[in-house]
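I have placed the structure first, in the form of structure tokens, so that the comments after it can refer back to it.
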Amino acid sequence: MADWVYSADMSLIMDDNLPQRAQVGLPASVTDRNWCILCHLSAWVGVGFFLPLIVFVVKKHSSSFIANNAKEALMFQISLIIYSMCGLALSAVISALFVPIILGLGISCVALPIIASIKAAKGLCYRYPLTLWFLRTMEVGRII
């Protein structure tokens, strides 16, 4: 599977050639990677989408790597909230859906941030599956 890396002009590109990853993308600093790991694991700390939102707003001008990872974590957390509310509404109507919906959301809430944190520690940007996107593109200083 391809990974997301940053090219020399800091645009996000797909990298299918894992052994040459360091040549394709610019390495992120340890501090940048730590901020990204903290954003992805914010749900475990108990701050949900607040920490990625604050990190995105504060760090978006200093590092596009941090901004993109914080945005990914933020959109994933908001998507989980929406999916949970829809799942609860559906399970109130059809009670047989309650267990599979809660089980699926619980597994994704635990496993996907771990995978994203491992990718961020390697200097990569992880794209969460089934995430609803409210912010399609992000330029430094401007959210579209």
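Annotations for the structure displayed:
- The stretch 54-103, residues that are over 23 Å from Ser42 (Cα atoms) and not hydrophobic (A, V, I, L, M, F, W, C): Ser91, Ser95, Pro100
- Tally of residues being among the hydrophobic types (A, V, I, L, M, F, W, C) and modelled with pLDDT under 85 across the stretch 63-88: 1
- Condition check for Lys60 on (1) at pLDDT 90 or above; (2) surrounded by 20 or more Cβ atoms within 10 Å (Cβ to Cβ); (3) not hydroxyl-bearing (Ser, Thr, Tyr): one failure, at (1).
Conditions (1) closer than 21 Å to Ile78 by Cα; (2) out of contact with any Leu (no Cβ under 7 Å at 6 or more places or on another chain), marked per residue:
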{"site": "Ser91", "(1), (2)": "yes, no"}
{"site": "Leu97", "(1), (2)": "no, no"}
{"site": "Ile102", "(1), (2)": "yes, yes"}
{"site": "Ile114", "(1), (2)": "yes, yes"}
{"site": "Tyr126", "(1), (2)": "yes, yes"}
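The values are calculated or read from the model by the stated rules, or taken from the named source; none is laboratory data. Treat the numbers as computed from the prediction; the structure is a model and nothing was measured. No Cβ is skipped: glycine too gets one built from the backbone with ideal geometry, and neighbour counts run over all protein chains shown.
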